[in-house]
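A short worksheet on the structure shown next.
Read-outs: derived from the displayed coordinates by stated rules, not from any lab. None of these values were measured; they are calculated from a predicted model. A quick note on method: Cβ atoms are made from the backbone with ideal geometry, for glycine too, and the neighbour counts reach across all protein chains shown.
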Amino acid sequence: MEKDKRPSYVFVQNPKNPSEQVKARIINFQPLEAFKPLDLELEDGSMLRIVFSVTAVSQPVNENGDPLTNPSTKKPYYTINYNISLTPIFKG
């Protein structure tokens, strides 16, 4: 069975009018390098680890399926979904 090659879509906030939603084409991606965790030492001596990860990338499109572009730069918009996890680090 041949895999369906039609793009998948989601609805996202319209970058040109935030009160509206528009269709966005899901963009497959492969991280070229892993994000490094960021460890913070807070003023009270406690430690906190921050980890960032991208979960989805999409490109808003118009009714014809063409990418929406920034009127100033003429470059396409992208929507990035991400997770930020904050974890206390316990020493001991």
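Taking amide H positions as modeled 1.01 Å from N, with prolines and chain starts lacking one, the residues under 5 Å from Ala56 and 5 or more places away or on another chain are Asn81. A dipole drawn for the chain from +1 and -1 charges on Cβ atoms has a positive end, and of Asn17, Ser85, Gly65 the residue lying farthest that way is Gly65. For the chain, which GluC sites (Glu not before Pro) pass both filters: DSSP loop (anything but H, G, I, E, B) and at most 16 other C-beta atoms within 10 Å? Listed in order of number, the matching sites are Glu2, Glu20, Glu33, Glu43, Glu63. Considering only chymotrypsin sites (Phe, Trp or Tyr not before Pro) in DSSP loops that have at most 15 other Cβ atoms within 10 Å, the longest stretch of the chain without any of them is 36-77.
Close lysine pairs were tallied over the chain: pairs 8 or more places apart or on different chains with Cα atoms under 27 Å apart number 8.
Shape summary of the chain, radius of gyration then Dmax from alpha carbon positions: 18.8, 60 Å. The mean sequence distance of close C-alpha pairs (under 8 Å, at least 6 residues apart), as a share of the length of region 49-92, puts its relative contact order at 51 percent. For the chain, averaging the sequence separation of C-alpha pairs within contact (under 8 Å, six or more residues apart) and dividing by the residue count gives a relative contact order of 25 percent.
Using the Cβ-Cβ distance between Phe29 and Phe90 with R0 = 35 Å, the FRET efficiency computed as 1/(1 + (r/R0)^6) comes to roughly 0.55. Restricting the calculation to Cα atoms, region 20-73 shows an Rg/Rh of 1.23 when the hydrodynamic-style radius is the Kirkwood one.
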